[in-house]
Amino acid sequence: MSKEIVCSGIRPTGNLHVGNYFGALRNFVRMQDDFDCFFFIADYHSLTTHPTPDNLYNNARQILIQYLACGLDPEKATIYLQSDLPETIELYLFLNMNAYLGELERVAAFKDKVRQQPNNVNAGLLTYPTLMAADILIHKATKVPVGKDQEQHLEMTRTFANRFNNMYKNEVFPLPQAFNYNDNLIKIPGLDGSGKMGKSEGEANCIFLNDEPSVIKKKIMRAKTDNGPEAMNQTKPVEIENLFTLMKAVSTPDTVAYFDDLYNHCQIRYGDLKKQLAEDMVAFTTPLRERINEIAADEDKLRRIMDMGRDKAHESALRTLTEVRHVIGYRN
Ligand code: TYM
């Protein structure tokens, strides 16, 4: 029996952070043993922010290194560069013909970008969800490992797939679902006491997988806290809850329970909590950082992996695109 198809990607905007790891990468690594996986580096998507040519290249290379350092195996999963698969762009064009301005403008991530970068609200940003749908549908993937922030994009992918199927009275595309092994999609908070860990929220808000231990310690010690609990068992304010969420990701359950208990008894000292969190974060990232440095040295190997991934991804994409073209009415 053939395995279910999985597809996901990460934008190369610099180094991967702990949010990328727990929201996406950790699942990629597990899924490669159970499914037929396509994991790519979303370098077309990163063009929305107009990187320089050097940055585009170096960031994509860095993501490949970090994928491998986290345990992605090119013998198990197809690992490729999005821009090595121009079939995606043809499907993007077809999907754009049935993607409507109103629904694209209502996407939360688009509205955020309009607020963050009012001078660069380009058409690529508006049609970001159709490109993402094309990435997924080009392989007919059914499972998409992503963090909570991508839930709406997955919903739109289903809308576009369904619309295409209905329009051409054909079941070309399955309807993909966002996936996480723990059922609930994950959102890792940042260190600034609000929202999620993410590059656009600032570098100090993120812990990167290749941050040096001293940098991690500094960032965590500066994380926002309050004056401490005033009553037993009170609900934690968001910045404190955030630190506990990070702790749940990298510390043992006993450690979390210990500090939770101190908090509930108004005996917590945030300095101790942060010191422990920093220690556990460093223990978690150190092996990754070391592997990142090792892998970066083998240029030939990186090139071979990209070539192999491109060929495998191309085969799958061409199969879908041939069918899509035929269904639309393009006949040889
Ligand atoms: P990107 O590059 O913003 O993020 C990559 C992945 O990391 C997850 N993530 C998080 N998860 C939990 N907590 C956080 N703080 C956090 N920050 C980031 C994201 O949910 C994502 O899974 N649009 C995608 C890239 C993409 C894609 C695709 C994904 C392009 N085409 C097709 C899946 C399928 C993105 O911007 O991810």
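The values are calculated or read from the model by the stated rules, or taken from the named source; none is laboratory data. This is a predicted model, so every value here is computed, not measured. Quick reminder, even Gly has a Cβ in these numbers, built from the backbone with ideal geometry, and neighbours come from all protein chains shown.
Just the residues that are surrounded by fewer than 22 Cβ atoms within 10 Å (Cβ to Cβ) and within 16 Å of the ligand (Cβ to nearest atom), please, taken from the range 154-170.
Of everything in the range 154-170, those that are surrounded by fewer than 22 Cβ atoms within 10 Å (Cβ to Cβ) and within 16 Å of the ligand (Cβ to nearest atom) turn out to be LEU154, GLU155, MET156, ARG158, THR159, ALA161.
Restricting the range 76-104 to residues that are part of a helix (DSSP H, G or I) and among the aliphatic types (A, V, I, L, M), which is farthest from the ligand (Cβ to nearest atom)?
Result: LEU101.
Residue by residue, here is whether (1) polar (S, T, N, Q); (2) modelled with pLDDT of 95 or more; (3) buried (at least 20 other Cβ atoms within 10 Å of the Cβ); (4) under 17 Å from the mean Cα position of the chain (by Cα) holds:
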site	(1), (2), (3), (4)
ASP33	no, yes, no, no
LEU47	no, yes, no, yes
TYR67	no, yes, yes, yes
ASP73	no, yes, no, no
TYR92	no, yes, yes, no
GLU105	no, yes, no, no
LYS111	no, yes, no, no
GLN116	yes, no, no, no
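For the range 7-27, enumerate the residues that are more than 7 Å from the ligand (Cβ to nearest atom) and either of a type in the set (Lys, Arg) or in a loop (DSSP other than H, G, I, E, B) (or both).
Answer for the range 7-27, where residues must be more than 7 Å from the ligand (Cβ to nearest atom) and either of a type in the set (Lys, Arg) or in a loop (DSSP other than H, G, I, E, B) (or both): PRO12, GLY14, ASN15, LEU16, ARG26.
Here are LYS219, LYS274, LYS199, LYS224: which of them is buried (at least 18 other Cβ atoms within 10 Å of the Cβ) and at pLDDT below 95?
LYS199
Using the structure shown, decide if ASP135 is crowded, with 21+ Cβ neighbours inside 10 Å, of a type in the set (Asp, Glu) and modelled with pLDDT of 95 or more.
Yes; evaluated as a whole, the condition is true for this residue.
Specify the residue that is nearest to the ligand (Cβ to nearest atom); the eligible residues are those in the range 105-131 that are in contact with a helix residue (DSSP H, G or I) (Cβ under 9 Å, 6 or more places away or on another chain) and either over 23 Å from GLY195 (Cα atoms) or not assigned by TED's automatic domain parsing to the domain that holds GLY19 (or both).
Among those residues, the one meeting the criterion is LEU131.
In the range 171-194, which residues are within 8 Å of the ligand (Cβ to nearest atom) and more than 15 Å from GLN150 (Cβ to Cβ)?
Residues satisfying the conditions are PRO189, GLY190.
Can you give me the number of residues within the range 134-178 that are free of Cβ contacts under 8 Å to residues at least 12 places away in the same chain and under 27 Å from LYS199 (Cβ atoms)?
Kept after step one, since they are free of Cβ contacts under 8 Å to residues at least 12 places away in the same chain, are these residues of the range 134-178: 155, 165-166, 169, 171.
Remaining after also requiring under 27 Å from LYS199 (Cβ atoms): 155.
Here the count works out to 1.
Within the range 205-221, can one find any residue that is away from the ligand (no atom under 14 Å from the Cβ), hydroxyl-bearing (Ser, Thr, Tyr) and either within 17 Å of the chain's Cα centre (by Cα) or not assigned by TED's automatic domain parsing to the domain that holds LYS111 (or both)?
Within the range 205-221, one or more residues are away from the ligand (no atom under 14 Å from the Cβ), hydroxyl-bearing (Ser, Thr, Tyr) and either within 17 Å of the chain's Cα centre (by Cα) or not assigned by TED's automatic domain parsing to the domain that holds LYS111 (or both).
Give me the pairs, please: first residue somewhere in the range 182-198 and assigned to a loop (DSSP other than H, G, I, E, B), second residue anywhere and polar (S, T, N, Q) and more than 11 Å from the ligand (Cβ to nearest atom), beta-carbon distance under 9 Å, and either six or more positions apart or on two chains.
Pairs found: GLY193/THR225.
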